[in-house]
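> Dropping the structure in here first, questions after.
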Amino acid sequence: MEKIIETPNGAAAGDVLELTVTEAAHGGWCVARSAAPGDQGKVVFVRHALPGERVRARVTSSTARFARAEAVEVLAPSPDRVEPPCPHARPDGCGGCDLQHASPDAQRAIKAQVISQQLRRIAGIEREVTVEALPGDPAGLGWRTRVGFAVGRDGTAGLRKHRSREVVGITDCLIAHPLVRAADVPGRRWPRARGVDVTVSAGSGERSVAVSGPGRSAGELARASLTQHAAGRTWRVSSGVFWQVHPAAADVLTEVVLAALRPQPGDVALDLYCGAGLFTAALAEAVGLAGLVTGVEADVAAVRDARKNLSGFPQVRVHRGDAAAELERRGLGDASLAVLDPPRAGAGRRVIELLAARPGAAPGEAGLQRIAYVSCDPATLARDIALFGELGWRLEDLRAFDAFPMTHHVECVATLTRA
């Protein structure tokens, strides 16, 4: 019989707590705090719950400061609660979808609250945020163009539990794009394989199935590259090179970056972490032959793709290297505009210090005037906005997009200008 206790202090894995959930927290959690005498306000981070609900939550781990738990019974549901469309989106189930139990509108409201919370707590900025839906399926299903399946010891492909290496056997993944689902990876055997990565192009209909480990299965194998369509152009994107997973994201983000930077003919711009060259091309078209756009990317395959994709722009240069090292080596030059789309870890202090340099800090450098920062992590974005703030920059605008429906992830574009 389960042990049901009223206070988090002393709770161990397997115990069940009765909790009233308050706010959403970054990472797909909600927060509950004990108000019991002597409980010292210990925090419990709860999955599969919604703000305002009263739940019974099974503890999965506990430290002196906080506990983690999964809501196994909802005693007082939120009006935003819905039945998850996927049977695997449940406690002790697949860890991929954090928010299937919330309506699409509620999911976006939760993400907006989390972004505002991170800006307030980390950057000291009070700002109301709206998370915008991307064009496509309003139900938030069928969008994911890249899925990494894990393979269990029996050769069955599935998805991992949250914070676990354990593989959950599934029959289907409802957020996967129809081209991914048509590969039927969970319905096939993958003996001795460790994983199966499926990547598709919604525009061209191409599909790549890459198997890691010695295991193989009859059928498709990895393609060297896929043909993507975005921003009015065709792109070669090699296997493993970053590309937005939502079919509408590349188009929308390109429009937003251009609106943030307002490039004019003759401008000089930087594109850090440029990947296959999506934003570089858009900026090159805007600045024209009288301008210059310099892309910087560390990944060898991405640089190769970018140089091929951008070969028709004589006003473009693409350099391979670490962003900070390249900025230290080459400086800002005459650049007045920059876009950066770093990995989840963010840009970090050294890159920001180099970008935020005052005009004239180095001979011949005019200094940046506008920066568009594209981010998939509200916490590292808020941290980096705070760093920019210390160096004389301000957050002029921020737009957020639901590029990962049913999950806690969200895409943001922050516009930064000199204060």
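> Determine if region 282-290 includes at least one residue that is farther than 24 Å from VAL168 by Cα and in contact with a Ser or Thr (Cβ under 9 Å, 6 or more places away or on another chain). Show your work before the answer.
Pass one, region 282-290, residues farther than 24 Å from VAL168 by Cα: 282-290.
Those left that are additionally in contact with a Ser or Thr (Cβ under 9 Å, 6 or more places away or on another chain): 282.
Looking for residues that are farther than 24 Å from VAL168 by Cα and in contact with a Ser or Thr (Cβ under 9 Å, 6 or more places away or on another chain), one finds at least one in region 282-290, hence yes.
> Still on this model: Provide a single number: the residues in region 331-346 that are among the charged types (D, E, K, R) and surrounded by fewer than 16 Cβ atoms within 10 Å (Cβ to Cβ).
Here the count works out to 2.
> In region 150-162, is there at least one residue being over 23 Å from the mean Cα position of the chain (by Cα) and among the β-branched types (Val, Ile, Thr)?
Going through region 150-162, the residues over 23 Å from the mean Cα position of the chain (by Cα) turn out to be 151-157.
Of the ones still in play, those that are also among the β-branched types (Val, Ile, Thr) are 151, 156.
The answer is yes, given that some residue of region 150-162 is over 23 Å from the mean Cα position of the chain (by Cα) and among the β-branched types (Val, Ile, Thr).
> Conditions first: (1) in a strand (DSSP E or B); (2) of a type in the set (S, T, N, Q); (3) buried (at least 21 other Cβ atoms within 10 Å of the Cβ). SER61 passes all but one, so which condition is the exception?
Every condition holds for SER61 apart from (3).
> Looking at region 310-338, I want the residues that are among the aliphatic types (A, V, I, L, M) and have a partner that is surrounded by fewer than 16 Cβ atoms within 10 Å (Cβ to Cβ) and at pLDDT 95 or above with Cβ atoms under 6 Å, at least 6 apart or on another chain. Which pairs are those?
Short answer, once both residue conditions are applied: ALA324/ARG350.
> Okay, next question. Output the number of the condition that PHE242 fails; it satisfies all remaining conditions of (1) in contact (Cβ under 8 Å) with a residue 60 or more places away in the chain; (2) over 19 Å from the mean Cα position of the chain (by Cα); (3) under 30 Å from GLY367 (Cα atoms); (4) open to solvent by 40 Å² or more (accessible area, probe 1.4 Å).
Just one mismatch for PHE242, condition (2).
> Pick from region 307-330 the residues that are assigned to a loop (DSSP other than H, G, I, E, B) and polar (S, T, N, Q): which of them is most open to solvent (accessible area, probe 1.4 Å)?
Applying the first criterion (assigned to a loop (DSSP other than H, G, I, E, B)) to region 307-330 yields 310-315, 321-322.
If we keep only those that are polar (S, T, N, Q) as well, we get 311, 315.
Details: SER311: 94, GLN315: 14 Å².
Per the criteria, the residue is SER311.
Residue-wise test of (1) modelled with pLDDT under 95; (2) out of contact with any Lys or Arg (no Cβ under 7 Å at 6 or more places or on another chain); (3) assigned to a loop (DSSP other than H, G, I, E, B); (4) under 22 Å from CYS376 (Cα atoms).
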site: GLY205; (1), (2), (3), (4): no, yes, yes, no
site: SER217; (1), (2), (3), (4): yes, no, yes, no
site: TRP243; (1), (2), (3), (4): no, yes, yes, yes
site: PRO247; (1), (2), (3), (4): no, yes, yes, yes
site: LEU253; (1), (2), (3), (4): no, yes, no, yes
site: GLN264; (1), (2), (3), (4): no, yes, yes, no
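> Moving on to the next point. Looking only at region 131-163, which residues are out of contact with any Ser or Thr (no Cβ under 8 Å at 6 or more places or on another chain) and of a type in the set (Lys, Arg)?
Scanning region 131-163 gives ARG144, ARG153, ARG160, LYS161.
> Right, another one. From the set of residues in region 266-281 that are of a type in the set (A, V, I, L, M) and open to solvent by 10 Å² or more (accessible area, probe 1.4 Å), which is farthest from THR294 (Cα to Cα)? Quick ask: steps written out before the conclusion?
Initial filter on region 266-281 (of a type in the set (A, V, I, L, M)): 268-270, 272, 276, 278, 281.
From what is left, the residues that are open to solvent by 10 Å² or more (accessible area, probe 1.4 Å) are 268, 270, 278.
Values: VAL268: 8, LEU270: 5, LEU278: 13 Å.
Checked region 266-281; the qualifying residue farthest from THR294 (Cα to Cα) is LEU278.
The values are calculated or read from the model by the stated rules, or taken from the named source; none is laboratory data. Just so it is clear, the model here is predicted, and its values are computed rather than measured. With ideal geometry, Cβ positions are generated from the backbone for all residues, glycine too; neighbour counts draw on all protein chains shown. The accessibility values were calculated without ligands, DNA or RNA, using every heavy atom of the protein model including side chains. Shrake-Rupley method; radii C 1.70, N 1.55, O 1.52, S 1.80 Å.
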